[in-house]
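The values are calculated or read from the model by the stated rules, or taken from the named source; none is laboratory data. Because the structure is predicted, anything quoted here is derived from the model rather than measured. Positions of Cβ are backbone-derived with ideal geometry, glycine not excepted, and every protein chain shown enters the neighbour counts. Areas reflect the complete protein model, heavy atoms only, side chains present, ligands, DNA and RNA absent. Shrake-Rupley method; radii C 1.70, N 1.55, O 1.52, S 1.80 Å.
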Amino acid sequence: QVQLIESGGGLVQAGGSLRLSCAASTRTFSRYAMAWFRQAPGTEREFVAAINWGGSNTNYADSVQGRFTISRDNAKNAGYLQMNSLKPEDTAVYYCAARRETRSNSPKDYNYWGQGTQVTVSS
């Protein structure tokens, strides 16, 4: 069983930046692909970014491409999401997720989830 704990959310003005962190309880975190998803009120959970186990391959939703960067530090059993040029439409609860297989854009493919961290971008 893998526990994931997100942190780093908060309130920021449009154009600002935030860095989300995801701490994993397992020492074998390097064997897991990791992703970030987000969910705004009344909407379905949507893909944001994913990274493979080694950190060499990443992919992003079109809406965040060029503004967000996903990364990981396997020595620290942690993953990150650097969010720049934030927009009000980025407001959501952000979740990190992990799976043993290759990275995926679908939330249905992930076995482990954090509790989420709120990101609010004011205009």
Flagged in segment 40-53 as touching a strand residue (DSSP E or B) at 6+ places or on another chain (Cβ under 9 Å) and not hydrophobic (A, V, I, L, M, F, W, C), in numbering order, are 41, 43, 45, 46, 52
Give all pairs with beta carbons closer than 8 Å in which a residue from segment 1-14 that is modelled with pLDDT under 95 meets a residue that is surrounded by 12 or more Cβ atoms within 10 Å (Cβ to Cβ) and among the aliphatic types (A, V, I, L, M); count only pairs at least 6 apart in sequence or on separate chains.
2/24; 2/98
Checking residue 44 against (1) assigned to a loop (DSSP other than H, G, I, E, B); (2) touching a helix residue (DSSP H, G or I) at 6+ places or on another chain (Cβ under 8 Å): exactly one of these is not met. Which one?
(2)
Find the residue count for segment 1-15, including only residues that are in contact with a Cys (Cβ under 6 Å, 6 or more places away or on another chain) and either closer than 19 Å to residue 84 by Cα or assigned to a loop (DSSP other than H, G, I, E, B) (or both).
1
Residues that are at pLDDT 95 or above, of a type in the set (D, E, K, R) and surrounded by 14 or more Cβ atoms within 10 Å (Cβ to Cβ): does segment 50-64 have at least one?
no
Just to be sure before I move on: is residue 40 of a type in the set (A, V, I, L, M) and surrounded by 15 or more Cβ atoms within 10 Å (Cβ to Cβ) in the structure I sent?
no
In segment 84-101, is there at least one residue being open to solvent by less than 10 Å² (accessible area, probe 1.4 Å) and assigned to a loop (DSSP other than H, G, I, E, B)?
yes
Inspect all residues belonging to segment 53-73 and state whether any of them is more than 21 Å from residue 118 (Cα to Cα), touching a residue at least 12 places away in the same chain (Cβ under 8 Å) and acidic (Asp, Glu).
no
Among the residues of segment 52-66, are any under 12 Å from the mean Cα position of the chain (by Cα), under 18 Å from residue 18 (Cα atoms), of a type in the set (Val, Ile, Thr) and part of a strand (DSSP E or B)?
no
What are the residues in segment 44-79 that are within 22 Å of residue 122 (Cα to Cα) and hydroxyl-bearing (Ser, Thr, Tyr), if any?
63, 69
Per the filter on segment 16-31, residues in a loop (DSSP other than H, G, I, E, B) and either open to solvent by 30 Å² or more (accessible area, probe 1.4 Å) or at pLDDT below 95 (or both) are 17, 25, 26, 27, 28
